[in-house]
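To keep things clear, I will list the structure first and then write my remarks on it.
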């Protein structure tokens, strides 16, 4: 295969691997097969922890692990090779661009997914930690699950607020553990033997789990415990409301982006089949359900005059036209 053929193949791989581009048919098939392999491989890691299964199917599970490792390693190498043809200009340099890509979040996940098996091949196969680290391959699925993009956007948007809530929880955790060590230390020296030991009780109480393995017995200890429980309930409610409101805001913003894309496609008064497909792909990339794209197209089509085909102006005119022109 000549240089031109290699270049065309690399660009084809980049088109399939680039997360900033709409997914191709080949990319969808590849990612679907890869996701299936991940589930099967992770299931094998889980099953091999059962002695009976490992004794009977150990050889099969071993070969499955080797095949998965080879596939993931080839995918990792091909992604690094094709990165220079991604849309992102940061990756265009033949050396520094690839190095910058390999330092990215998803590239590091790809590396982590094959490292335990490679280290095992080099003689560390009996280490249980390395075997369990193969479960991290589940993280590879986050590359193709669009809902995670929505969740990351929520966390980025509310990073300061979430940080403030976590700081309050950390402050309460430290103070309450210190108080309980002073108050309950003499009454329960085995449970509240130190501030770090008392932090376990504080975590249980703040998260409202309350296992009951460590509870205050003194009057002042019970008062502190009740106060910490109230703070925990308030903090959980505040954290939940922050995430919920931000999640709704992100959905609204993404639906607005989708609506603007539909309006742009309607600039000539017609939405073609290709434009509809592009809108559906955009909705998928934004983490919206398929019904959102269909609804956006349907609502926008109501702004077209059914008699002359002209686009109607104004949001208030986006209603079905039932009468004569």
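Taken together, the values in this text are just the output of simple stated rules run on the coordinates, not laboratory data. Note that this is a predicted model, so its numbers are computed, not measured. Ideal geometry is used to build each Cβ from the backbone, glycine not excepted, and the neighbour counts take in all protein chains shown.
General remarks:
- Potential extension, residue 168-residue 276 segment - 0.36 nm per residue separation minus Cα distance: 34.1 nm
- Dividing the mean sequence gap of close Cα pairs (under 8 Å, 6+ apart) by how many residues region 3-144 holds gives a relative contact order of 25 percent.
- Net length gained if the chain between residue 245 and residue 155 were fully extended (0.36 nm per residue, minus Cα distance): 31.2 nm
- A prolate overall shape is assigned to region 55-111, the ratio a/c of its alpha-carbon gyration tensor axes (a ≥ b ≥ c) being 1.5 or greater and a/b exceeding b/c.
- Residue 93 paired with residue 115, simple spin-label distance in nm, labels 7 Å along Cα-to-beta-carbon: 2.4 nm
- Each principal axis of the Cα atoms in region 3-144 has its own extent, and those three values, largest first, are 51, 30, 28 angstrom.
- Hydrodynamic radius by Kirkwood, which averages 1/r over all alpha carbon pairs of region 1-80, in angstrom: 14.7 Å
- Rounded, prolate or oblate (a/c below 1.5 giving rounded, otherwise prolate when a/b exceeds b/c) for region 171-267 by Cα gyration tensor: prolate
- If the chain linking residue 54 and residue 291 were pulled fully straight, counting 0.36 nm for each residue of separation and taking away their Cα-Cα distance, it would gain 80.9 nm.
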